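Colleague: Okay, handing you the structure first.
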Amino acid sequence: MGAYLLRRLLIAIPSLLGISLILFTVLALAPGDPFGELATNPNVPPEVREALRLKFGLDDPILVRYLHWLTAMLHGDWGFSFASRVNVDELILQRLPTTLFVVGSSQVLALLVAVPVGILAAIRPYSVFDQVANTLAFVGFSLPTFFTGLLFILLFSLTLDWLPFVYQADIAATGWRWYWEHVRQAIMPVCVLGFFQAASYTRYVRASVLDVARLDYVTTARAKGLSDGTVTLRHIARNALIPVVTLVALQIPAVFGGAIVTEQIFRIPGIGSLLINAMLANDTPVVMAVTFVFACLVVLFNLVADLLYGWLDPRISYR
């Protein structure tokens, strides 16, 4: 498996280089100037503006600027935020734990709901449970996260006053109280993202289980006298989860993008809000870094999915 992992990592390098070049070119050709605000500020002398543009190489050709950015990235320098006046890596590291906590928790919740519900709906097709699960899945998938987020705020924050609707990174509490407040304010965004993903995953789990349940080896396992629970867990569910792993691995980067809307609704100080603020301020180093991180997530979770295939299905070998 080590050789396979090394080969996949070597293949990922030119892919990431091509993605970074396209992202950098698109952002460089996009309208807007990071120092446009300085041009209209009478307190900033023209020579200062020119010195800043020269320092950051904003007037250099795109290819030269890209090579400078790539060289700096390889040395661990992610650039400098024009809007926040700090290094980009510091900004991302400040926001990343919050986003990982919210997105990671929502994915765990989605899988805990979708996998058992999808399996139970598939082993009892067209039953009352299956029809209710399908209806709820269609409803959950049809409602966008900004709509369900507003509903949660109206119900649990404004009407019932159970949960806060503004996420606070700095909580004036210690001990278990600090942990509880963080969990309490994360309940609504995690549920909004988790239930939306669970609705999509449930449909895929159900369809995959139905396909596997018709195969000959499942019939043979039942003919050998194995119980329904053993057949479902050991012979159906494990093989049915292989296409679901692909879906989850490809959806996780999309969840980070979808979390942008949720972070705006609940005022979560995460990567999504950082990207929105950077785009509004034409802070191209931050936009480039965040979008490149999303691209790395796509490549990483594709690799994770390939590795999980071999664990779920022993017939798959790493070559």
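Colleague: What's the total number of residues in segment 73-102 that are open to solvent by 90 Å² or more (accessible area, probe 1.4 Å) and among the basic types (Lys, Arg)? Before the answer, list the steps.
Modeller: Going residue by residue through segment 73-102, those that are open to solvent by 90 Å² or more (accessible area, probe 1.4 Å) are 74-75, 85, 93-94.
Checking which are among the basic types (Lys, Arg) leaves us with 85.
Looking only at that region, the number is 1.
Colleague: Right, something else. Have a look at LEU5, LEU16, LEU70, LEU23 and point out the one that is open to solvent by 50 Å² or more (accessible area, probe 1.4 Å), at pLDDT 70 or above and part of a helix (DSSP H, G or I).
Modeller: Result: LEU5 is the single residue among LEU5, LEU16, LEU70, LEU23 that is open to solvent by 50 Å² or more (accessible area, probe 1.4 Å), at pLDDT 70 or above and part of a helix (DSSP H, G or I).
Colleague: Got at least one residue in segment 128-138 being modelled with pLDDT of 85 or more, touching a Ser or Thr at 6+ places or on another chain (Cβ under 6 Å) and under 30 Å from ARG238 (Cα atoms)? Spell out how you get there, then give the answer.
Modeller: First, pick out the residues of segment 128-138 that are modelled with pLDDT of 85 or more: 128-138.
Subsequent filtering for residues that are touching a Ser or Thr at 6+ places or on another chain (Cβ under 6 Å) retains 137.
Now narrow it down to the ones that are under 30 Å from ARG238 (Cα atoms): 137.
Within segment 128-138, one or more residues are modelled with pLDDT of 85 or more, touching a Ser or Thr at 6+ places or on another chain (Cβ under 6 Å) and under 30 Å from ARG238 (Cα atoms).
Colleague: Name every residue in segment 173-214 that is exposed (fewer than 14 other Cβ atoms within 10 Å of the Cβ) and of a type in the set (A, V, I, L, M, F, W, C), in order of residue number.
Modeller: Listed by number, the residues that qualify are ALA173, TRP176, TRP178, TRP180, VAL183.
Colleague: Going by what's in this entry, would THR99 be described as assigned to a helix (DSSP H, G or I) and either modelled with pLDDT of 85 or more or over 16 Å from the mean Cα position of the chain (by Cα) (or both)?
Modeller: Values: assigned to a helix (DSSP H, G or I): yes; either modelled with pLDDT of 85 or more or over 16 Å from the mean Cα position of the chain (by Cα) (or both): no.
Judged against the criteria, THR99 is not a match.
The values are calculated or read from the model by the stated rules, or taken from the named source; none is laboratory data. Predicted, not measured: the structure shown is a model, and the values here were computed from it. All Cβ positions, glycine included, derive from the backbone under ideal geometry; neighbour counts span all protein chains shown. What goes into the accessible areas is simple: the full protein's heavy atoms, side chains included, and nothing from ligands, DNA or RNA. Shrake-Rupley method; radii C 1.70, N 1.55, O 1.52, S 1.80 Å.
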